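J.: My questions will all concern the structure given below.
The values are calculated or read from the model by the stated rules, or taken from the named source; none is laboratory data. Computed from a prediction, not measured in an experiment: that's the story for all the values here. We place every Cβ from the backbone using ideal geometry, glycine too, and count neighbours over all the protein chains shown. Side chains included, ligands, DNA and RNA excluded: accessible areas come from the protein's heavy atoms. Shrake-Rupley method; radii C 1.70, N 1.55, O 1.52, S 1.80 Å.
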Amino acid sequence: MEIHLLCTTNLYRYTVQSLLIIGFVWPEPNSSAAGGRMMQLIALFQKQGYTITFASPAQDSEFMIDLSVFEVHKKSIVLNSDSFDSFLKELNPSIVLFDRFMIEEQFGWRVADSCPTAVRLLDTEDLHCLRLARQKAVKQNRHFTINDLLIEEVAKREIASILRCDLTLMISEYEMELLQTTFKIDPSLLFYLPLLQDDHDFPILDSLPKFNDRVGFVFIGNFLHEPNWNAVQYLKEVIWPLIRKQLPDAVLNIYGAYPSQKVLQLHDVKNGFLIHGRAADTKEVVMKARMVLAPLRFGAGIKGKLLEAMQCGTPSVTTAIGAESMHGALPWNGAVTDDPALFAVKAVELYGNEKLWETARIKGLEIVRKRYLKSVFEANFESKIQKLLKELPQHRLNNFMGELLQHHTLRSTKYMSKWIEEKNK
């Protein structure tokens, strides 16, 4: 079945209910929040009736999910090859979703050329340029400023990618505001869609392990993600010794996919700092722990590990970066502080005070209920997608900067000149 949308200047033609996702990697929901996020997006589009193809230039991995189980077609593609163009023309999707801006850079212009009427969506995961600018500030032992972001080279690439797309999915309200105020991105190009909690799987407090059934502290994070590795180093060198001084028998269990040798070398049984590597079931691990520690000093987006802690009824202590955009005006399910001494004090206090602990985990479930239930977002998301499909020509006319960035002849004069220069030599 095909639908024809007629505007004054163009005939927009697209195949109904066909979505192509181009992934940076194959989804690994048990390895990172990004993998879980991708599977949530797949579920949202399938509920709307879309047939989904997931393509990626990445190598298969041991822990990638079997997409066929979820009735998603898998397609391996090649970078810098016109074989992708042929594949795209044959598939003729109505929507193409780019997994992070680097994928849009590689394939966006090909989609625009071969399938110009397809809606182009970008899922940022987090704002990469913000994370990198903050990381550089921490490495240089100074406070992050907006000027750090403005001079960040990746910012130019990422903002250009956002402008070229018809809609960018954002998981952080802070980043939504930043894009609109600092980079003057039109709100019509952005849509807030955080990590989601299925309504029917909402945890019941009485079914979760109680205070006396739990023991120890835990940290979970994919070690390919630099903020996680930095946080573990910070725990080892600064925060854990302060906690251990007050709780000499306490144990901190560190879990995370893809631990390198430098991570494994931090394993220290004597001081209760235990590196376990990948967790077979992260929720099981978090539910057994009494506290989650997440002293993140840089990063962006929202933190899957902290949302998971709330879902498991496990209080957490984190930093301002860790809690950013996660709880709105609601009280945190534990404590938020950037001061390492106070971080340790709050962790010890919550760990040993059952009344405070119970109050904290109730706050966590309230945050999940009010800010992350799928039912709060899915209807608006479907409505936004349908509106884009129906009004795409006018939407793009309203996004002049995006159309400008798609106009490749702006750069072709440079390369033509360079080609002539080489030819004349």
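J.: Find how much the distance from LYS283 to ILE146 grows on full extension, using 0.36 nm per residue of separation minus their present alpha carbon separation; answer in nm with one decimal. Intermediate values should be presented prior to the final figure.
T.: Values: separation 137, 0.36 × 137 = 49.32 nm, distance 3.61 nm.
Contour length minus Cα-Cα distance gives 45.7 nm.
J.: OK, next. Label ALA320 and ASN92 with points 7 Å out from Cα along Cα→Cβ: what is the distance between them in nm?
T.: In this crude label model, ALA320 to ASN92 measures out at 5.4 nm.
J.: Note down the net charge around THR145, summing +1 for each Lys or Arg and -1 for each Asp or Glu among other residues with Cβ under 14 Å from its Cβ.
T.: Net local charge, THR145 excluded: +1.
J.: Using the Cα centre as the reference, give the magnitude of the dipole from point charges on the C-beta atoms of the range 5-152 (Lys, Arg: +1; Asp, Glu: -1; all else neutral), rounded to the nearest 20 debye.
T.: Dipole magnitude for the range 5-152 comes out near 400 debye.
J.: Pick out which of THR318, THR182, THR168 has the largest mean-square fluctuation in a Gaussian network model of the chain, springs linking Cα atoms closer than 10 Å.
T.: Of THR318, THR182, THR168, the Gaussian network model singles out THR182 as fluctuating most.
J.: While we're here: Once phi is turned into ³J(HN,Hα) by the Karplus curve 6.51 cos²θ - 1.76 cosθ + 1.60 with θ = phi - 60°, what whole-Hz value does each residue of the range 335-349 show in order, with x for glycine and proline?
T.: Taking θ as phi minus 60°, the curve returns 8, 10, 7, 9, 8, x, 5, 5, 4, 5, 4, 5, 4, 5, 4 Hz for the range 335-349.
J.: How many percent of the accessible area of the chain is carbon or sulfur, using a 1.4 Å probe?
T.: Of all accessible area on the chain, carbon and sulfur atoms account for 54 percent.
J.: If r is the Cβ-Cβ distance from LYS139 to VAL376 and R0 is 35 Å, what FRET efficiency results, to the nearest 0.05?
T.: 0.40
J.: Between the DSSP loop rule and a limit of at most 10 other Cβ atoms within 10 Å, which GluC sites (Glu not before Pro) in the range 61-97 are left?
T.: Within the range 61-97, the qualifying GluC sites (Glu not before Pro) (loop, at most 10 other Cβ atoms within 10 Å) are GLU62, GLU71.
J.: I would also like to ask the following. I'd like the projected area of the chain, averaged over all directions, using the convex hull of its alpha carbons. Report it in nm² with one decimal.
T.: Over every viewing direction, the Cα hull of the chain projects on average to 23.5 nm².
J.: Now for a different question. Name the residue, out of PHE101, PHE381, PHE63, whose mean-square fluctuation peaks in a Gaussian network model built on the chain with Cα pairs under 10 Å.
T.: Largest GNM mean-square fluctuation: PHE63.
J.: Looking at ALA341, LEU235, LEU252, which one has the Cα that reaches farthest to the positive end of the dipole of the chain (charges on Cβ: Lys, Arg +1; Asp, Glu -1)?
T.: Of the listed residues, the answer is ALA341.
J.: With both bridge residues required to lie in the chain, what share of the DSSP beta bridges run antiparallel, to the nearest 5%?
T.: 15
J.: Let me ask something else about it. With every protein chain present, what is the per residue accessible area of the chain (1.4 Å probe, Å²)?
T.: Details: 19920 Å² over 425 residues.
Counting only protein heavy atoms, the per-residue value for the chain is 47 Å².
J.: Same structure again: Under 19 Å Cα to Cα from LYS75, which lysines show up? Leave out anything in the same chain fewer than 8 places away.
T.: Qualifying lysines at Cα under 19 Å: LYS89.
J.: Pull up all non-local amide H partners of THR337: gap of 5 or more, or a different chain, and H-to-H distance under 5 Å with H placed in the peptide plane.
T.: HN-HN under 5 Å from THR337: THR318, THR319, ALA320.
J.: Would you mind counting up the charge near ALA112? Only other residues with Cβ under 9 Å from its Cβ, with Lys and Arg at +1 and Asp and Glu at -1.
T.: On the way: positive: ARG110, ARG120, ARG164; negative: ASP113.
For residues surrounding ALA112, the net value is +2.
J.: Could you tell me how many degrees, from 0 to 90 and to the nearest 10, lie between the Cα long axis of helix 33-47 and the main elongation axis, the longest principal axis, of the Cα atoms of the chain?
T.: 50
J.: Another question, then. Would you list which lysines come within 18 Å of LYS425, measuring only between C-alpha atoms, while excluding same-chain residues fewer than 8 positions from it?
T.: Hits, sequence-local ones excluded: LYS414.
J.: If the cut-off is 14 Å between C-alpha atoms, which aspartates and glutamates fall inside it for LYS363, apart from same-chain ones fewer than 8 positions away?
T.: The qualifying aspartates and glutamates are GLU308.
J.: Here's another thing I want to ask about it. Just subtract the alpha-carbon distance of VAL238 and ASN30 from 0.36 nm times their residue separation and send over the number in nm, one decimal.
T.: Extending this stretch completely gives an extra 72.0 nm.
J.: Which entries in the list LYS236/LYS270; LYS245/LYS346; LYS156/LYS384; LYS283/LYS305 go over 19 Å, if you measure between the two C-alpha atoms of each?
T.: LYS156/LYS384
J.: Compute the distance from the alpha-carbon center of the range 230-259 to that of the range 38-59, in whole Å.
T.: The two parts, judged by their Cα centres, are 37 Å apart.
J.: So how exposed is GLU378, as accessible area in Å² (1.4 Å probe, rounded to 10)?
T.: It works out to around 40 Å².
J.: How many nm is it between the label spots at ASP66 and TYR174, if each spot is 7 Å from the Cα in line with the beta carbon?
T.: Those two pseudo-labels are separated by 4.0 nm.
J.: Rounded to the nearest 10 Å², what accessible area does ASP82 have for a 1.4 Å probe in the complete protein model?
T.: 110
J.: Okay, next question. Only Lys, Arg, Asp and Glu count, each charged at its Cβ (+1, +1, -1, -1), so figure out the dipole size of the chain about its Cα centre, rounded to 20 debye.
T.: That gives the chain a dipole magnitude of about 760 debye.
J.: Quick one: Cα centre-to-centre distance for the range 141-156 and the range 96-118, in angstrom?
T.: 27
J.: Identify which of LEU122, LEU130, LEU150 has the largest mean-square fluctuation in a Gaussian network model of the chain, with springs joining Cα atoms closer than 10 Å.
T.: LEU150
J.: Between 0 and 90 degrees, rounded to the nearest ten: what's the tilt of helix 409-424 against the longest Cα principal axis of the chain?
T.: Tilt of helix 409-424: around 70 degrees.
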